[in-house]
């Protein structure tokens, strides 16, 4: 009887490993849609690998990019307003004219990023790493009233 149980356990383990996890399948479809259309309003891109992606003018408003890898991505003119980039890797991104308004950048890695004419009004940047980042004409709102 033990050999039958062991065979059944091995078979079930193999089947469960081969079955796609719905969240990952949804994430993969969202990544493909983003890369094809540059539109992914409110998408779930948690942990997505977008390293080196050309996301010029992409609509990523309210997208969940928690833990995503955007290293060396081109975010020129992208709209990330309200997006969750908590813990995301934004190392060496090119973000010219990019909107990070009301974005969660908690613990995000923005080291060596190029932030030119970017907007970050209302962004949360607690623990964000900006070592080596280069930027000018950044619109950054820090509390208080205008």
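None of the figures in this text is laboratory data; all of them are computed from the coordinates on show. Just so you know, these numbers come straight off a predicted model, no measurement behind them.
For region 23-146, compute Rh as the Kirkwood radius over C-alpha pairs and then the Stokes-Einstein diffusion coefficient at 10 °C and 1.306 mPa s; write the answer in µm²/s, rounded to an integer.
Reported coefficient: 115 µm²/s.
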Note to self: How large is the Rg to Rh ratio of region 83-136 when both quantities use alpha carbon positions and Rh follows Kirkwood?
What the structure shows: 0.92
Margin query: Compute and list, largest first, the equivalent-ellipsoid semi-axes of region 45-115 from the alpha carbon gyration tensor, each √(5λ) rounded to a whole angstrom.
Written below: 14, 14, 11
